[in-house]
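The values are calculated or read from the model by the stated rules, or taken from the named source; none is laboratory data. Remember, it's a predicted structure, so these values are computed and weren't measured experimentally. Accessible surface areas use protein heavy atoms only, side chains included; no ligands, DNA or RNA. Shrake-Rupley method; radii C 1.70, N 1.55, O 1.52, S 1.80 Å.
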Amino acid sequence: MSSIKNVAIIMDGNGRWAKERKRPRVWGHVRGSFKVTEIVKEAVSLGLESLTLYSFSTENWSRPKEEVKNLFKLLKKFLNREKETLKKNNIRFNVIGNYKVIDSEVVALIDELIDETKNNSGLLLSLAINYGGRSEIIDAINDFMRTNPSREITEEEFQKYLYCEEINNIDLLIRTAGDRRISNFLLWQLCYSEFYFTDKKWPEFSKSDLKSIIDEVSGRDRRFGSIENSVSLNQTLEMARRNKKVLN
């Protein structure tokens with residue numbers, strides 16, 4: 001059984017893929033949105049616990065206004081198109097980031113889908129929308145300080161103030177389209193993640209790619225600072241907490 005249970009993907013290369021085919025960038029984003037459906041279904045099939053997709057970053061607002069407008073139109077179509085599929089497959093839908101500032105109709109769809117799937121027990125599917133890793137950390141600290149103005153924060157408490165406490169300790173980050181950076185994505189959660197960069201652009205990425213990457217990464221020697229390769233990340237963190245208490 002694979003040790004990779006929590007996967008995050010930076011879905012890059014839609015526009016470049018379309019440009020290579022002499023099509024408008026939006027065509028690439030359309031193809032990319034359908035690719036999400038394929039990958040989510042495969043994530044369910046592979047028994048993943050969570051899948052977090054970088055959909056729209058805080059920096060993406062600098063793109064041409066028409067492209068930004070089209071991206072949110074596609075998001076609206078995706079939510080309407082996939083609503084029943086998510087319910088049928090026991091998927092719990094979630095959004096991280098300050099999505100409340102986008103189009104009110106899209107916000108209503110997001111809130112509705114989060115509510116309608118909140119009791120599902122399968123894959124936790126999170127879309128990062130208007131998301132930035134630094135913003136998440138600052139927001140978490142400020143939220144803590146508002147209720148605890150004179151006390152230091154611990155790691156365990158800090159995690160509870162993140163956009164989604166359950167997206168924690170990502171096992172694997174995949175980035176498509178060749179760039180080898182994390183671009184302000186899940187800065188806290190990626191502390192012990194394995195990274196996999198592929199030159200394939202997102203519309204070219206397939207369910208067989210996801211499976212083969214997970215199989216390859218599962219074979220890596222993940223020590224988490226320990227010398228025992230059989231120790232999981234959660235076990236390592238728990239041992240560190242116990243040792244800290246003993247030393248104190």
Query raised in the report: Where the eigenvalues come from the Cα gyration tensor of the chain, what are the semi-axes √(5λ) of the equivalent ellipsoid, largest first, in whole Å?
Result: 30, 23, 18
Query raised in the report: Each residue of segment 177-192 in turn: what ³J(HN,Hα) in whole Hz from Karplus with 6.51, -1.76, 1.60 and θ = phi - 60°, glycine and Pro shown as x?
Result: 6, x, 5, 10, 8, 9, 6, 6, 10, 6, 4, 6, 6, 8, 4, 10
Query raised in the report: What whole-number value in Å² describes the accessible area per residue of the chain for a 1.4 Å probe?
Result: 54
Query raised in the report: In what sequence, largest accessible area first, do R175, R31 appear using a 1.4 Å probe?
Result: R31, R175
Query - List W17, W27, ordered by accessible area with a 1.4 Å probe, largest first - result: W27, W17
Query - Carbon plus sulfur fraction of accessible area for segment 49-137, probe 1.4 Å, in percent - result: 48
Report summary line: Expressed in square angstrom to the nearest 10, the accessible area of T85 with a 1.4 Å probe stands at 40
Query raised in the report: How many Å³ per residue does the convex hull of the Cα positions in segment 103-226 occupy?
Result: 170
Report summary line: If amide H atoms are modeled at 1.01 Å from N in the peptide plane, then the residues at a separation of 5 or more from N130, or on another chain, having amide H under 5 Å from its own are F56, S57
Query raised in the report: In whole Å, what is the distance between the alpha-carbon centres of segment 1-28 and segment 89-119?
Result: 22
Query raised in the report: Can you list, largest first and rounded to whole Å, the semi-axes you get for segment 1-111 by taking the square root of 5 times each eigenvalue of its Cα gyration tensor?
Result: 24, 18, 14
Requested in this report: Give the ranking of M145, M11 by solvent-accessible surface, highest area first, calculated with a 1.4 Å probe.
Outcome: M145, M11
